[in-house]
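Everything below concerns the one structure shown next.
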Amino acid sequence: MSLSLIQTIPNAHTEFIWNVKFHPSLPIIASCGSDKTISIWSTSSISSSNYIKKSVLSNTHSRTIRSLNWDVNGNYLAAASMDSLISIWKLTSKTELTFECITTLEGHENEVKSVSWSTSGNYLASCSRDKTIWIWDVDVDTTDFSCNSVLQGHTQDIKIVKWSPREDALFSGSFDDTIKIWKYDNSQDDWSCINTLTHHRGTVWCIDF
């Protein structure tokens with residue numbers, strides 16, 4: 001079997017594209033870049049190759065948007081920016097593909113590099129050049145986000161956070177060449193690092209399951 005190019009989208013963004021994420025159930029993709037915008041693309045079906053830009057989400061971040069992540073149900077989209085902020089967008093209409101920025105999360109002291117929703121839907125994780133990981137409690141009913149914990153363990157810029165699809169275990173990759181695994185420790189009433197993987201000889205840029 002051979003693979004062939006089905007579509008090239010010219011001028012998708014006016015500058016570098018940093019991240020593209022598929023919606024978990026709809027034929028939609030979201031992309032972000034150094035033009036400080038998020039583009040929402042749609043096609044008639046999962047098997048169709050004709051993606052059309054439906055929405056542009058802008059005027060929220062002042063620097064590059066580095067990472068995107070949908071929640072497990074595809075109702076919310078989180079965006080991580082180099083302006084140290086995280087924006088949370090709610091999909092208000094699945095037919096019109098309209099979005100509303102419902103909140104902006106502050107706390108990181110430097111560029112936010114990655115965001116990830118837990119499979120349970122209870123948590124949002126973010127990581128930054130400030131060498132910290134923030135775990136946010138998520139109340140979907142009230143769209144309230146509050147800081148649950150700030151994790152410190154990496155010695156350099158943290159490039160990626162990713163929740164396990166099976167449980168609330170968080171994986172993080174860093175410029176310090178390591179991957180750390182974090183879980184909630186009931187005895188300490190906080191999150192703790194349960195393992196550190198050290199076999200890479202350079203920056204860990206991405207983690208996936």
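The values are calculated or read from the model by the stated rules, or taken from the named source; none is laboratory data. Model, not experiment: these values are computed from the prediction. Note: areas computed on protein heavy atoms with side chains; ligands, DNA, RNA excluded. Shrake-Rupley method; radii C 1.70, N 1.55, O 1.52, S 1.80 Å.
THR14 to TYR184: extension gain in nm, 0.36 nm per residue of separation minus the Cα-Cα distance? Don't jump to the answer; show the numbers that get you there.
Values: separation 170, 0.36 × 170 = 61.20 nm, distance 4.14 nm.
Value of the extension gain: 57.1 nm.
Can you give me the relative contact order of the chain as a percent, contacts being Cα pairs under 8 Å and 6 or more apart? Intermediate results must be reported in sequence, preceding the final value.
Working: 546 pairs, mean separation 22.1, N = 209.
With pairs under 8 Å counted, the relative contact order is 11 percent.
Which ³J(HN,Hα) values in Hz, rounded to whole numbers, follow from the phi angles of segment 94-101 under the Karplus curve 6.51 cos²θ - 1.76 cosθ + 1.60, where θ = phi - 60° and Gly and Pro get x?
For segment 94-101, the Karplus curve yields 6, 7, 8, 6, 9, 10, 10, 7 Hz.
Under a 5 Å amide H to amide H cut-off, with H placed in plane at 1.01 Å, what residues pair with THR64 once short-range neighbours are removed?
MET82
Run the numbers for ASN195 and SER164: contour at 0.36 nm per residue of separation, minus the present Cα-Cα distance, in nm. Provide the component values of the computation, followed by the final result.
On the way: separation 31, 0.36 × 31 = 11.16 nm, distance 1.41 nm.
So the extension gain works out to 9.7 nm.
Any idea what the alpha-carbon Rg over 2.2 N^0.38 Å comes to for segment 91-192? The partial results should precede the final answer.
Numbers: Rg = 14.5 Å, N = 102, 2.2 N^0.38 = 12.8 Å.
Compactness ratio reported: 1.13.
Here is the link list: LYS21/LYS162; LYS53/LYS162; LYS36/LYS162; LYS90/LYS183. Which ones come out longer than 25 Å on Cα distance? Each step should come with its number before you reach the end.
Numbers: LYS21/LYS162 14 Å; LYS53/LYS162 27 Å; LYS36/LYS162 23 Å; LYS90/LYS183 28 Å.
Result: LYS53/LYS162; LYS90/LYS183 exceed 25 Å.
For the chain, give the percent of accessible area contributed by carbon and sulfur heavy atoms, probe 1.4 Å, rounded to a whole number. The partial results should precede the final answer.
Numbers: 5070 of 10970 Å².
C and S fraction of accessible area: 46 percent.
Using the Karplus equation 6.51 cos²θ - 1.76 cosθ + 1.60 (θ = phi - 60°), what ³J(HN,Hα) coupling, rounded to whole Hz, does each residue of segment 36-44 give in order, writing x for Gly and Pro?
Karplus-based 3J(HN,Hα) across segment 36-44 equals 6, 10, 10, 10, 10, 10, 9, 9, 5 Hz.
Under the rule a/c < 1.5 gives rounded, and otherwise a/b versus b/c splits prolate from oblate, where does segment 18-141 land using the Cα gyration tensor?
prolate
Going by amide H atoms built from the backbone, whose H comes under 5 Å of the H on ASN69, apart from near neighbours?
Under 5 Å from the amide H of ASN69 lie the amide H atoms of ALA78, each far enough along the sequence or on another chain.
Calculate, axis by axis, the spread of Cα positions in segment 27-97 along the three principal axes, and write the results as whole Å, longest axis first.
Largest first, segment 27-97 extends 36, 23, 17 Å along its Cα principal axes.
Pull up all non-local amide H partners of ASN148: gap of 5 or more, or a different chain, and H-to-H distance under 5 Å with H placed in the peptide plane.
Those lying under 5 Å, H to H, from ASN148 are ILE135, TRP136, ASP137.
What shape does the chain take by its C-alpha gyration tensor, where a ≥ b ≥ c are the square roots of the eigenvalues and a/c under 1.5 counts as rounded, a/b above b/c as prolate, and the rest as oblate?
Working: a/c = 1.66, a/b = 1.46, b/c = 1.14.
Because a/c hits 1.5 or more and a/b exceeds b/c, the chain counts as prolate.
Students sometimes get this wrong: rank SER81, SER120 by accessible area, probe 1.4 Å, all chains present, largest first.
Numbers: SER81 0, SER120 60 Å².
So, going from the largest accessible area down, we get SER120, SER81.
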